[in-house]
Structures are given as C-alpha cells and as structure tokens.
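The values are calculated or read from the model by the stated rules, or taken from the named source; none is laboratory data. The shown structure was predicted, so the numbers you read here are calculated from the model rather than taken from an experiment. Virtual Cβ from ideal backbone geometry, glycine too; neighbours counted across all protein chains shown. These area figures cover heavy atoms from the full protein model, side chains too; ligands, DNA and RNA do not enter into them. Shrake-Rupley method; radii C 1.70, N 1.55, O 1.52, S 1.80 Å.
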Amino acid sequence: MTLFTSLSWFYAKQMGKSILYMGTYTFWFIMLMMRFLIRQHDSFGKTDYGNFVGEMTLIVQAAMLLFMVFFYKLFSDEYRFGANLLFAGSLRITALKIAALFVNHLLFLSFFTGLQVVLVWQFYRTWGLPFSSLYTETASYIAVYWLLPFVFAFFLGIFTALLFGKNRLSFAWMMVIWLAIGPMNTQLFSRYFHRIPFSDIRSLFYIGPLNMDDVFRDVVGYNVSLPTYMKLLFWILTSMMAVWAILWKTARTTKEKAAIITGVVLLLAGDAWLFPHLFTGNKLVFSYADLAKENVYYQTHNPTIQPSTLHYSIERYDIQLEAKNGVHAKVKVTLRQIRGDTLSFVLYHHFSLKRITDQTGKQLPFIQQGDVITVKRSPNRLTDEWTFEYQMNDSAQIPISPHYLFLPSDFSWVPTKAEHAPFAFVNVHSSPVPVSMQPSHPIRYTLSFHGTAPFYTNLPRRSDGTYEGVVSGGITAVAGMFVKEKIGPWQIVHPADWPNLERDWPVFERHVRRIHHDIVQMFDLKEAKLPTNIVLLAPHGEQRSVYSSDHLLLQIDTPYSLRSQEGTLMYLPEIITEGLLWRGVHSSMQKEVFQELLARWFQQQLALPYSGGDLTFDLTLSVDSPDVKTEEVLRQLSGEYERLSDEKKQTFLALWYKQMREGADGSWEKVIQLIRMVQEGQT
C-alpha cells in the first residue's frame, strides 16, 4: 500500500505539471466558456438549451485524442528511459503503476467534469430554465458522453504504449482506433451509421451521439439510455482486458500468469454479460435507421378495413396505463349499437395485443394484422364492454417507455373506430404523416396512470388521482421531460429546456388569437373555440396542430424563442390552419396548394416573413412530383391569385375551401374558373 501511495503521489505531480494533460483540461474548459459567451450573445435567439451540451461534441472528441497521446507518451517514456528498471520488472509493479495512474486520472477527471456540470447548471439558471429533471439528465449526458470517453482514452493510451513502446507507428495506430471506435466516427461516417438500427450489432461502434445538433428531444429527454452506458462500459472493459493480457510479457512466475489468465477471464465474462443488453432499450426516436424502417412500413402497408365491420359506436373508454416494467395498457371500451359478428378497430402496430375479454370475462378471438384488429363475437348483444390488454412498445415514430410517453389525441393509442391507419405515406420525398383518428362526438374517458415520470393529460383530475371527463376529439397523455406553467388563463405544457415563457408568451398569444379568430370568421367555423390548455411539444420535430374540445396540441419544432418572427411566428398560420380546417382529411394535391396560399395570405396580413420564396415555385414544391401540365396550371393559378386584391384573395380561399369540403372532383379547371369568377365579382 505504501508503494501504491508513493506511485500515486509521483504520478499526481507528473500529471499536474504536464502541459499536455492540464492543457487539455484548460482547452476543454475554455471552449465551454466560449460556448456560454456565444449563446449569451446569439443573434439568432436560439433557446434549445437541451441541445447545448451536444455543441461540445467535437471538443470532447479532440480532448479524448489528446488524453490518449498523453498516457501513451507518459508510459512509453518510462520504458524508453528505463524508469521501469528502478523497480523489479514484475507484473505487480507494472499493474500498480497503471492503477496509480488510473486513480489519479479519475480524480482529476471527476473534479473537472463536476465543475463543468455545475457551470452548465448555472448557465441554465441564468437563462431562467425552471428546475426539473433536465438538470439531472444533463449531468447524466455529460457523464456518458464527456467523462466515460476519457476513461476509455486512458486504457487505449496505456495499451498503445505497451504494444508499440516508443514507436512512431503508435500515433497512426491511435488515430485509427480513435476514428474506428471513438465518438468521432459517428460524425465522420454519419451516412453509414445513420443506416444502422440500434438493434444491429454494428451499432456497438458508435459511442458518440449520432447528431451533435440533436441530442435532446421534447418529452424523451437526452439520447442517453442504459445501453448507451453499457456500450461505453463494454469498450472500457475490453480495453482493460487488452492491457491486462499484454502484461503477459512482464509475467515471470506461474502465479503471475495465472493472475493474468484469471483477470482476462473475469473481464471477458463482464463483456459477455453486457453484450445481450447493448442492443435493446435504446431511445428509438433518435435512430435514423429505425425511423426509415417505419417509413418503409407505411409505404408498403395500406390496410383495407371492411365498412361492414364498423357497425358500432364507442360511448366510453376506461384506461389504465402501467409504466413500470415496460408500459402496459388495459382499456375497457363501452360499445353501443353493435351490428354484425365481426368488428374492426385500429391500434398502432407496435402495440402488442395480449387478450380481449367481454363483460363476462370470456376471451374473444381476434386477429392483429398491422394496425388493424379484427374481433369475432357472438351477435346476440347490441351493447357490450370489451377490455383490451396490450403492451405499448417503443418505436421511432411513437416514443414509449416507463420514462416517457407521447400519446396525442389524434393517434390510435386506444382501440379506435376508423377506416384508415394512423399514418399515411403521401409524399415520396418525406416521412409518413399522421392521419387524424379523432372521434367527432363526445366520449367519456377515465384514465389512471401508474408511473414515476411527470404526467399530463387534458382530463380533469379526480380526488383519487385518476382523471375523468367528456371530450370531443380524443385525449392526450404525455409523460416525461416537460414543464407545466400557468400564465393568466392559459395552462401551458412546454419542453423542459425552454426558458421562462412570461417574456415571450404575450407576442405568441396575440398571434395565436388573431389567426384563430380570422380562420373562424373566414371559414364560418362557429364551433371551433380556442382552448386555454395548450401543449407545446414536438418530440419528432413535427410542424402541426391538433384540436380537441378542451386542449390544443401545437407541435412547433423550433430552436428559437416563441416571439421570433423568422424562427417561430411565420410558421404559425400554416400549423394552426392545418389543424382547424383539415382534421381527419387525407392529404391531396389541391389541399397542399390551398394551404400554401392560405399560409402566405396570413403571413401578409400579420406582416410576418414568408416561409418560402417565389409563389409559383412554392406552389410547385408543395405538390408531390408534379407533371408538366400540373406545373402549367400552378403557374396560371399563382398569376391569377397575385392579381387579386386582399379582400378577393380572402373570398377566393373561403370559396375554394367550401368547394373542396363539399366533395368537388378535384379538377384544376374548376379552381381556375372559381378564381376568375371572384376576379370578375360574380360571387
């Protein structure tokens, strides 16, 4: 123990005096302070503070390489100048030296990493971010993506010194290892790694974030999970095993050789235990490959639901969500006006249905094919109560885990009566879009949630902790990283990494009220009240809105403040009008062109910047792969539209919308005819 203490003190002084070692920490610290200054004086007004720590990715990657070089030089210099000859050249002495170095490195590393965590926290407090799990998860992110790579760098540097000694080839070797295994590879070879799903064995080779600009998502939190820790631990154990194995050349006795074999076997056993856990439980919302797989699914799956299986109505849902060991749902559905012996429901295909029982407890036979569940019944009741029990599995499209849920009101997270799947692939250049599953008539819901994550639903809370209410348009259930804030009459749910909203909210509120009011007047939507419960969450980066009778889900993907004209407000007209005017309507060519014109009209009325450029070009862009004839029609339409006065533009848009909702055949000739009639004052 005295020898270990002496070695530790000796190496502590060496490391403390090293320009390379302490300089790396200084470089790391200065770059973090520079990020603080840049963010403090950011002319663009970025507020996505969750992604702030991702901006340090390149700095951490550079520091990892510098640490590898330092430990290689320190250890190889000793062997070069014969420092190891001061002691008996035994396995014990070499192992003690490595252990002493490692303990000192951990102490320095823990101190400087802890200091940076405190600085980041203070930065968040300065910008008014309310205290939440964001702070603790930020520390977790820094531990896994900043601290652990530097632990890995220690063993890689020592192994290189033992393998090569003082040899120039060692620097080439370290560069290869750094590029192949280190966190840098996900940046340099992003196109390759984006094609690898988390469940693929090749994902073992990315130990850095897949995108340093996208390390945090609303509700879900950081791209950190237990398998992420395990991957880094796997590589640390592997490098330790390599160091221990290469010490074989220092072993002289049978006892020392046995110790090396035992150590290698134990470390190998540790890796073997970790290995099966490395590829399950990751946050799929961050996986480009898994999202692409989901896109392909909806490109190739378009289920057909027989109208004869939809002869029933839903009066009530009683929902139990259990979010502890996985996420499980038990949903009792009260059915009325049942006709026929076969009924169909829509339920997201990543949810695994276990059983369906009727009100007597009898299990009903069913078939789950993709998003459609077909149930056989005895046709002797006009009313019934069926209980669906299923596991809600995580997917790239719908994030689900005991730590986070995102279940919007227009999504089929409970068995839903519908004629279509919850997503549709309508554009060859984009991802599948959500297709509203919202019921138009009032339904009574009760909901109980059992879990540890912060939870929100639009239903009123009862005294026993459950939620109950009658809602038109479905209910939203959200658990995870977000903050609830009360401003005047508004109850706002927003991402945890947004600063205090009181400064930005008045401008945003004014635009929301104005757009909503004008849409209601323009299109005679008398029943469309503006709810005071607003959910501002977008874990997938969507730009859309979902209206229910008692809450509004505004999915605004923006790194800027709510009052930013260029970053936020200019997108509001498109987002709000989409949700108000087209609920439950599939995308079509005319709808997309109409939306482009309507958004442009609102941007003009509100003196907002245009989200696009030339009108003809924007109209063509809004249509999926237009042919030459369609392009000519759009050019003609934009020309006729630009010649209208503001008042006639409003009249034309209102009449065109009415024409589409009344089931017009979709011919462009009728649209051109309508715009000319408006121009001539014939309407």
Practice problem: Output the residues belonging to segment 240-255 that are over 21 Å from Pro149 (Cβ atoms), in a helix (DSSP H, G or I) and not hydroxyl-bearing (Ser, Thr, Tyr). | Solution: Ala245, Ile246, Leu247, Trp248, Lys249, Lys255
Quiz item: Only one of (1) touching a residue at least 40 places away in the same chain (Cβ under 8 Å); (2) crowded, with 18+ Cβ neighbours inside 10 Å is not met by Thr446, so which one is it?
Solution: (2)
Exercise. Six or more apart or on different chains, Cβ under 9 Å: which pairs go from a residue in segment 668-679 that's farther than 14 Å from Glu647 by Cα and free of Cβ contacts under 8 Å to residues at least 60 places away in the same chain to one that's acidic (Asp, Glu) and in a helix (DSSP H, G or I)? Could you list them?
Key: Ile672/Glu640; Arg676/Glu640
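Considering segment 449-473 alone, what residues qualify as being assigned to a loop (DSSP other than H, G, I, E, B) and either open to solvent by less than 60 Å² (accessible area, probe 1.4 Å) or touching a Lys or Arg at 6+ places or on another chain (Cβ under 9 Å) (or both)? Don't jump to the end; show me each part of the working.
We begin by selecting, within segment 449-473, every residue assigned to a loop (DSSP other than H, G, I, E, B); these are 452-454, 458-460, 462-466, 472-473.
Passing the criteria: Thr452, Ala453, Pro454, Asn458, Leu459, Gly465, Thr466, Ser472, Gly473.
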Exercise. Could you grab the pairs with beta carbons closer than 6 Å, sequence gap of 6+ or different chains, first residue in segment 524-547 and within 19 Å of Pro434 (Cα to Cα), second one of a type in the set (Gly, Ala, Ser)?
Key: Ser545/Gly579; Val546/Ser409; Val546/Gly579; Tyr547/Gly579
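Regarding segment 556-576, can at least one residue be identified that is farther than 18 Å from Val433 by Cα and of a type in the set (Phe, Trp, Tyr)? I'd like the intermediate steps shown before the answer.
Going residue by residue through segment 556-576, those that are farther than 18 Å from Val433 by Cα are 558-570, 572-573.
From what is left, the residues that are of a type in the set (Phe, Trp, Tyr) are 560.
Yes, that holds for at least one residue.
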Quiz prompt | Leading residue by the ranking (least open to solvent (accessible area, probe 1.4 Å)) among those in segment 237-256 that are over 23 Å from Ala153 (Cα atoms) and out of contact with any Leu (no Cβ under 6 Å at 6 or more places or on another chain) | solution = Thr253
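Residue by residue through segment 363-392, note down the ones that are touching a strand residue (DSSP E or B) at 6+ places or on another chain (Cβ under 7 Å) and of a type in the set (A, V, I, L, M, F, W, C). Please lay out each step first, then the result.
We begin by selecting, within segment 363-392, every residue touching a strand residue (DSSP E or B) at 6+ places or on another chain (Cβ under 7 Å); these are 363-368, 371-377, 383-392.
Once the filter is applied, which keeps residues that are touching a strand residue (DSSP E or B) at 6+ places or on another chain (Cβ under 7 Å) and of a type in the set (A, V, I, L, M, F, W, C), segment 363-392 yields Leu364, Phe366, Ile367, Val372, Ile373, Val375, Trp386, Phe388, Met392.
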Quiz item: When you scan segment 180-201, how many residues do you find that are loosely packed, with under 14 Cβ neighbours inside 10 Å and assigned to a helix (DSSP H, G or I)?
Solution: 5
Self-check item: All positions within segment 16-38 that are open to solvent by 10 Å² or more (accessible area, probe 1.4 Å) and either in contact with a Leu (Cβ under 7 Å, 6 or more places away or on another chain) or under 22 Å from Phe216 (Cβ atoms) (or both)
Solution: Leu20, Met31, Met33, Met34, Arg35, Phe36, Leu37, Ile38
Quiz item: Got a sec? Which strands (runs of 3 or more DSSP E) wholly within segment 502-587 have at least 1 residues that are among the hydroxyl-bearing types (Ser, Thr, Tyr) and on the phi < 0 side of the Ramachandran plot?
Solution: 543-547
Quiz item: Just wondering, is there one or more residues in segment 313-321 that are out of contact with any helix residue (DSSP H, G or I) (no Cβ under 7 Å at 6 or more places or on another chain), part of a helix (DSSP H, G or I) and open to solvent by 80 Å² or more (accessible area, probe 1.4 Å)?
Solution: no
Quiz item: Which condition breaks for Lys231 when tested against (1) free of Cβ contacts under 8 Å to residues at least 60 places away in the same chain; (2) open to solvent by 30 Å² or more (accessible area, probe 1.4 Å); (3) assigned to a helix (DSSP H, G or I)?
Solution: (2)
Practice problem: Scan Gly54, Gly16, Gly50 and give me the residue that is touching a strand residue (DSSP E or B) at 6+ places or on another chain (Cβ under 6 Å) and either farther than 21 Å from Leu106 by Cβ or without any contact (Cβ under 8 Å) to a residue 40 or more places away in the chain (or both). | Solution: Gly50
Exercise. Hey, can you tell me all the residues within segment 119-148 that are within 20 Å of the chain's Cα centre (by Cα), in a helix (DSSP H, G or I) and over 13 Å from Val60 (Cβ atoms)?
Key: Ser133, Leu134, Tyr135, Thr136, Glu137, Thr138, Ala139, Ser140
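Which of the residues that make up segment 175-190 are farther than 17 Å from Phe70 by Cβ and among the small types (Gly, Ala, Ser)?
Answer for segment 175-190, where residues must be farther than 17 Å from Phe70 by Cβ and among the small types (Gly, Ala, Ser): Ala180, Ser190.
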Self-check item: All positions within segment 591-643 that are aromatic (Phe, Trp, Tyr), part of a helix (DSSP H, G or I) and open to solvent by 40 Å² or more (accessible area, probe 1.4 Å)
Solution: Phe617
Quiz item: So which residues in segment 139-158 are open to solvent by 10 Å² or more (accessible area, probe 1.4 Å) and of a type in the set (Gly, Ala, Ser)?
Solution: Ala139, Ser140, Ala143
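Can you name every residue in segment 382-414 that is part of a loop (DSSP other than H, G, I, E, B), among the polar types (S, T, N, Q) and either without any contact (Cβ under 8 Å) to a residue 24 or more places away in the chain or closer than 23 Å to Ile338 by Cα (or both)?
So in segment 382-414, the residues part of a loop (DSSP other than H, G, I, E, B) come out as 382-383, 393-399, 402-403, 408-414.
From what's left, among the polar types (S, T, N, Q): 383, 393, 395, 397, 409, 412.
If the condition is that a residue be part of a loop (DSSP other than H, G, I, E, B), among the polar types (S, T, N, Q) and either without any contact (Cβ under 8 Å) to a residue 24 or more places away in the chain or closer than 23 Å to Ile338 by Cα (or both), then Thr383, Ser412 are the ones that fit.
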Quiz item: Of all residues in segment 301-312, which are open to solvent by 20 Å² or more (accessible area, probe 1.4 Å) and of a type in the set (S, T, N, Q)?
Solution: Asn302, Thr304, Gln306, Ser308
Practice problem: Would you confirm whether any residue within segment 668-677 is part of a helix (DSSP H, G or I), touching a Lys or Arg at 6+ places or on another chain (Cβ under 7 Å) and either of a type in the set (Gly, Ala, Ser) or buried (at least 18 other Cβ atoms within 10 Å of the Cβ) (or both)? | Solution: no
